[in-house]
Each structure stands twice: as structure tokens, then as C-alpha cells.
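Asks: Following this message is one structure expressed as C-alpha cells.
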Amino acid sequence: MTVTTLLPVATARQTRAGLRDALRGRRPALWAALAALVLDSALTLAGPVAIGRITQAVADHRGPSALIGPVLLLTAAAVAGALTAWAATVLLARVVLAVTGRLREDAVTSALAVPVDAVEAGGTGDLVARVSGDTERIADAASGALGDFAAAALTILAALAGLAALDWRFAVAGLLAVPLQAHTLRWYLRTSQPLYAAGRTAEGRRASALLGAFTALPTLRALRLGPGRYARVEEASEAAMSYEFRATRAATRFYGRLNIAEFTGLSAVLLVAWALVHSGRADVGAATTAALFFVGLFDPVNTLLGTFDTVQQATAALARVVGVTLGAPVSEGRPQASPGRPAEGIAVRGVRHRYGNGPDVLHGIDLDIRPGQRLAVVGATGSGKSTLATLIAGMRAPCAGGVTLDGVPTAGLARPGAPGNRRIVLVTQEHHLFPGTVADNLRLACREASDERLGAALAVVDAADWTAALPDGLDTPVGRGGIRLTARQVQQLALARVLLIDPEVVVLDEATAEAGSDMAQSLDRAALAVTEGRTAVVVAHRLSQAETADVVVVMENGRVVERGRPDELRAAGGAYARLWASWTYGR
Ligand SMILES: Nc1ncnc2c1ncn2[C@@H]1O[C@H](COP(=O)(O)OP(=O)(O)OP(=O)(O)O)[C@@H](O)[C@H]1O
């Protein structure tokens, strides 16, 4: 079975740094929320104090007027508590929404910037699981557990201070529960932390297996490969479920042990209360207040320890989300330019490449493409043309050597947001039509382009007629849920997008049409028009595309074996001439 290498997971330090970054500019609101929580926790003490006083008044057989003070205290504490709780909730929600929003944005931006190789190695499902499921988990935990956790911790501190204020022996009795709780928590963290981390990874694998199966559905059906693939999905699902089951079992045992700790602490407080009242060191009212303080600890202690669960899951998720931003490093080393040569245009120097642990598929390529030059790459299937095209466009970083545009590594230029990001674009054989109208599909390249500019771009790529004939012209929905377009039409839209981006360099690796067909001629014309006035690298799947190039390079088994003008190469009788002869044979 092949082992899939997932994207990196951030270390604890990297995760903390990611969180600090997301909190930027939100600290004042966070402190204000904490202050409101402190006040709210202090006010929870008013209830037991008032009830203690009422109990004492009854024990002393005092009249109804003795109840006025405690009742007023209860009322004031209830009103003030409601106000502080409201303020804390609103302030925390503001911080949490802003921080989770920033984390999600960073994750999506980074996900789009993850180098192609890293996505291929990890599986798209893992990436999707991180930017959707994991960010969701963080947002849920932050909006619920974070406030509960802070409020519970402060309420516990307030209750312990209250117990100590009544009599230090009450506080000591209450603290007897702490070793049991600490032991329970330590056991739980040790057991559940690895379970959650492994569980999230198993979920990532399940998402990868599912997405892989859905993406390949037509092939699976055609080749009757469904049962095999189904077994893999089932295996991944069972692994994810088994982690969930083990985590639930650990949580149940955790709460059971906490109940034992509560029983121990309460018994000790009641025993101390009995002894103090019996010896005349405390009255019944103080004993009642102490017992209520301790009972009031049950919920916050359970919340505090229980939210560790959610906080842990969110921490595991946060480490995976921050991991996306770490990605695989993009090579930014200085180009190895040949001495004495200006690094103008594209320089490919000593480029070697392999996929994963496979053999080298490019064995040291050196090329210079001058500004405005049109270079065609030809060669048999598997000779390395597409690999070279993606390296030149910066979609992958080469394993050795470098590719630069005017001295800047193209792998750096390809990162979203990098300065000069739009200087170079790649049009591949994958035709993707985005859900939306024709105009939406074009404006992905240039949001503010006018209808006239869209029309002009479509005219250059030979697509003006059919787009004008659509029911709503450019506003016609196409693709899923709209009008189905042919492969040629989708390819024309892709080429029109290049015109709207208006890059200096265009790399074309598209092989949609059978040579000689109307479609091939139309696409060749469109591609030629798009490369007009730009530096162009064209992977020529049809030799007709190579004939219009300034320079042709012929590749064989990952090496450039010939280069020159197309007419010169035809006359030279070498590799290109042989390719040309077999291509034109019978044509
Ligand atoms: N993503 C990949 N993972 C592993 N190996 C790959 C990958 N892409 C290409 N290869 C291998 O690299 C070698 C060069 O492939 P490449 O696609 O660059 O050749 P090509 O000349 O463009 O072929 P074609 O004309 O069929 O597109 C081939 O042996 C191919 O099997």
C-alpha cells in the first residue's frame, strides 16, 4: 500500500506564533473581556453569602426584617452579574470572530499558495480538510469553549478565595479534591492528546480517499474498479471511526473520575463545617456558605477540565491549519547565471527534476529565452516537455538548478501575492470552467475589465461569434448548471483570460485538438495571437505549432537533444526532421 505524505503539521512554537499573529490588534478587546469575566466571577459569590445569612437569621429566630439585606444583595448581584456576563460575551465574540476570520483567511491564502508538489504528495483531501473541517473546529472551540474556560477558571479562583475568607480550614478541605482532579486530568491529557492528533490525521486520510474516489468516478465505473476503491475508503473510514470511539471512551472515564473527586472534597468540607460549628469557631450561616461555595465549584471545575477536551482538539486543528502556511519551501536561491551573460528574459540553468522518489525525468536542462522570443518544445510522449513547462512557469521548483525571469526565480513569482506574480502565466491541458457566466469566467483574470475589453479578448481568440450567439451573451451561465461548452470553447476562454492578465511571458501546454482538424487550426491561431508581442514557451503537441516558433528545442528522455530555427532543423536531418517526417507522413 502506498503511504501518502500529508502536509506538515506546525510544532507547538509555530502554532503559538500563528495564534499571536492572528491576535494582532485585538489585545485591548481581549483584556476588556477578561476584566468583565473577573467581575462576573466575583459576583457569583453573592448567592452563597446571602443564603448563608438567611440560614443564620432563621437559626437565630430573627424576624423577617433580617432577610432584607441578603435579598437586596441577591438582587443587586443578579443584575450586575447579567450586565457583566453580557459585556464579556459581546467583547469575547468580537475578538473570536476577528481572530478566527483571520486564521481562516490565512489558511485559504496559504492553501492556494501550497506548491503543486506538496498538494500532490498530501492529497487534495487533506488540504480541504484543513481549510474547512479544522478551521471550523477552531472557530467552534473559540466561540464556545474559550469563554467557558476563562469564566470557569476565574469562578474557581473566586470560590477558593471565598472559602479561605470564611476559614482557612474550609479552603484546605476543598483543596483535598485537587490532587484527584490533577491526576485525572494528567491521565486524560496523556491518553486523549495522541488520540485526537491521530484522529484528525485519520480524518484527513478519509477525506483524501473520498475525494480521490469522487474525482475518479468515471474511470472507476468504466474500468469496474469501484469495489477496490470502496475498500480503501472503508478502511480509511474505519480507522477514523475507531479513533472517535476510543476518544469517547476516554472522555466517559474522565468524567466518572471527576465525580469521585467532587465527592471527596464535599465530604471533607462538610466534616470541617461540622467540627467548626461543634467547637463554636463558625456559625451555621458560615458553614452553609462554605458548603455552597464548594458545591458551586462542581460546574466550573467540570467545565474547565471538560473544555480541555475541546481546547485540545482545537489545538490539534490549529497546528494543522498553521501547518498549511508552512507548506513546502519554494526555492528562492539565486539563479546560477552563466558568467558574463546578462540574466535577461528566461534563464534555465542546470535544471534537474524528479517526482517524489522516482527517477530523474529532466537531466540538466540549460536554455535561454530572450524577451519577446517564441520557443517551441517538441518531443515524444514522456520526454519531459510538460515538466519543463511547469518549471519554467514556476508552478514547481526544480530539484536542482534554477529557472529565472530577469534574474528572479520563477517559483517565487508564482506565489499568490508575490511581486511580479502576473508576469508569467501557464495555460495547461486542464480545462477548468468555473461555475458562473462567461463574463465571470473571464473576470477572474481582471475583475474590473469592461464588457468591451472582454469582447476584444474574445475576438482575438476566435470566440466572438459563439459567445455573441449565447442566449444572454456574456451574461449566460455556463458549465455546471448552465450551457455546456465544448473543449475548444473552454480553451478559448482560457486563452482570453491570458489576454486580460496581459503577462510578459506565457507558457502554453495545451493539447486539446487532433492535428489538422478545424478545432486545431482555430486553437493554433488563437494561441499564436495570445503569444503575440510576449515571450512565449509553447509545448508543441502538434508540429504545426512549432513551425511558427523562433526557436525549437527537441527533447528526448529528459534532455534537450537539438535546438534551432524550425526550417534549419528540418534541413539538418536530425531529431526534429525525423519527428517532422513522421508527423507529415500521409497528411
Ligand atoms: N505528476 C507526476 N508524477 C510522477 N511522474 C510524472 C508526473 N508527471 C510526469 N511524470 C513523469 O515524468 C516524465 C515526463 O513527463 P512529462 O509529462 O513532462 O512528459 P511530456 O513530454 O510532456 O509528455 P506528454 O507529451 O505525454 O504530455 C514521464 O516519465 C512521466 O511519466
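Asks: Output the qualifying pairs, or none if there are none: Cβ atoms under 9 angstrom, residues six or more apart or on different chains, first residue in segment 353-364 and more than 13 Å from Leu391 (Cβ to Cβ) and part of a loop (DSSP other than H, G, I, E, B), second residue of a type in the set (Asp, Glu) and near the ligand (Cβ under 8 Å from one of its atoms).
Replies: Pairs found: Gly356/Glu120.
Asks: Over 30 Å from Thr387 (Cβ atoms) and modelled with pLDDT of 90 or more: does that describe Ala439?
Replies: Numbers: over 30 Å from Thr387 (Cβ atoms): yes; modelled with pLDDT of 90 or more: yes.
Criteria met by Ala439.
Asks: Restricting attention to segment 60-117, which residues are touching a helix residue (DSSP H, G or I) at 6+ places or on another chain (Cβ under 8 Å) and hydroxyl-bearing (Ser, Thr, Tyr)?
Replies: Listed by number, the residues that qualify are Thr84, Thr89, Thr100, Ser110.
Asks: Just wondering, is there one or more residues in segment 159-169 that are touching a residue at least 24 places away in the same chain (Cβ under 8 Å), over 20 Å from Thr100 (Cα atoms), open to solvent by 70 Å² or more (accessible area, probe 1.4 Å) and under 36 Å from the mean Cα position of the chain (by Cα)?
Replies: For segment 159-169, residues touching a residue at least 24 places away in the same chain (Cβ under 8 Å), over 20 Å from Thr100 (Cα atoms), open to solvent by 70 Å² or more (accessible area, probe 1.4 Å) and under 36 Å from the mean Cα position of the chain (by Cα): absent.
Asks: So is Arg370 modelled with pLDDT of 85 or more and of a type outside the set (S, T, N, Q) or not? If you could, list the steps in order and put the result at the bottom.
Replies: Values: modelled with pLDDT of 85 or more: yes; of a type outside the set (S, T, N, Q): yes.
Yes: the conditions hold for Arg370.
Asks: Please state which of the following conditions Val560 fails to meet, knowing it meets all the rest: (1) under 21 Å from Ile392 (Cβ atoms); (2) more than 15 Å from the ligand (Cβ to nearest atom); (3) not hydroxyl-bearing (Ser, Thr, Tyr).
Replies: (2)
Asks: Of the residues that sit in segment 445-477 and are β-branched (Val, Ile, Thr) and within 17 Å of Leu500 (Cβ to Cβ), which one is most open to solvent (accessible area, probe 1.4 Å)? Give the derivation first.
Replies: First pass over segment 445-477, keeping only residues β-branched (Val, Ile, Thr): 460-461, 467, 476.
Still in the list and also within 17 Å of Leu500 (Cβ to Cβ): 460-461, 467.
Numbers: Val460: 67, Val461: 0, Thr467: 7 Å².
Of everything passing the filter in segment 445-477, Val460 is most open to solvent (accessible area, probe 1.4 Å).
Asks: Pairs only if they're at least six apart or on different chains, beta carbon under 6 angstrom, first in segment 441-456 and part of a helix (DSSP H, G or I), second open to solvent by 50 Å² or more (accessible area, probe 1.4 Å); list them, first residue then second.
Replies: Asn441/Phe434
Asks: Sticking with this structure for a sec: From the list Gly402, Gly394, which one is in a loop (DSSP other than H, G, I, E, B) and under 29 Å from the mean Cα position of the chain (by Cα)?
Replies: Gly394
Asks: Using the structure shown, decide if Asn259 is at pLDDT 85 or above and open to solvent by 20 Å² or more (accessible area, probe 1.4 Å). Steps first, answer last, please.
Replies: Working: at pLDDT 85 or above: yes; open to solvent by 20 Å² or more (accessible area, probe 1.4 Å): yes.
For Asn259, the condition - at pLDDT 85 or above and open to solvent by 20 Å² or more (accessible area, probe 1.4 Å) - is met.
Asks: Quick check, is Ala240 over 18 Å from Trp187 (Cα atoms) and either of a type outside the set (D, E, K, R) or part of a helix (DSSP H, G or I) (or both)?
Replies: Working: over 18 Å from Trp187 (Cα atoms): yes; either of a type outside the set (D, E, K, R) or part of a helix (DSSP H, G or I) (or both): yes.
Here the answer is yes, as Ala240 does meet what is asked.
Asks: Of all residues being more than 9 Å from the ligand (Cβ to nearest atom) and among the basic types (Lys, Arg) in segment 353-395, which is most open to solvent (accessible area, probe 1.4 Å)? Just the residue, please.
Replies: Among those residues, the one meeting the criterion is Arg370.
Asks: Please tell me if Leu83 is in a helix (DSSP H, G or I) and buried (at least 17 other Cβ atoms within 10 Å of the Cβ).
Replies: Criteria not met by Leu83.
Asks: Related question: Condition check: without any contact (Cβ under 8 Å) to a residue 40 or more places away in the chain and either crowded, with 16+ Cβ neighbours inside 10 Å or among the small types (Gly, Ala, Ser) (or both). Does Gly420 satisfy that?
Replies: Values: without any contact (Cβ under 8 Å) to a residue 40 or more places away in the chain: yes; either crowded, with 16+ Cβ neighbours inside 10 Å or among the small types (Gly, Ala, Ser) (or both): yes.
So Gly420 passes the test.
Asks: Could you list, ordered by first residue, the pairs with Cβ atoms under 6 Å in which the first is in segment 75-94 and of a type in the set (D, E, K, R) and the second is part of a helix (DSSP H, G or I), at least 6 apart or interchain?
Replies: Listed pairs, sorted by first residue: Arg94/Ala29.
The values are calculated or read from the model by the stated rules, or taken from the named source; none is laboratory data. Keep in mind that what you see is a predicted model, and the values were worked out from it rather than measured. All Cβ positions, glycine included, derive from the backbone under ideal geometry; neighbour counts span all protein chains shown. Accessible surface is based on the protein model in full, side chains and every heavy atom, while ligands, DNA and RNA are left aside. Shrake-Rupley method; radii C 1.70, N 1.55, O 1.52, S 1.80 Å.
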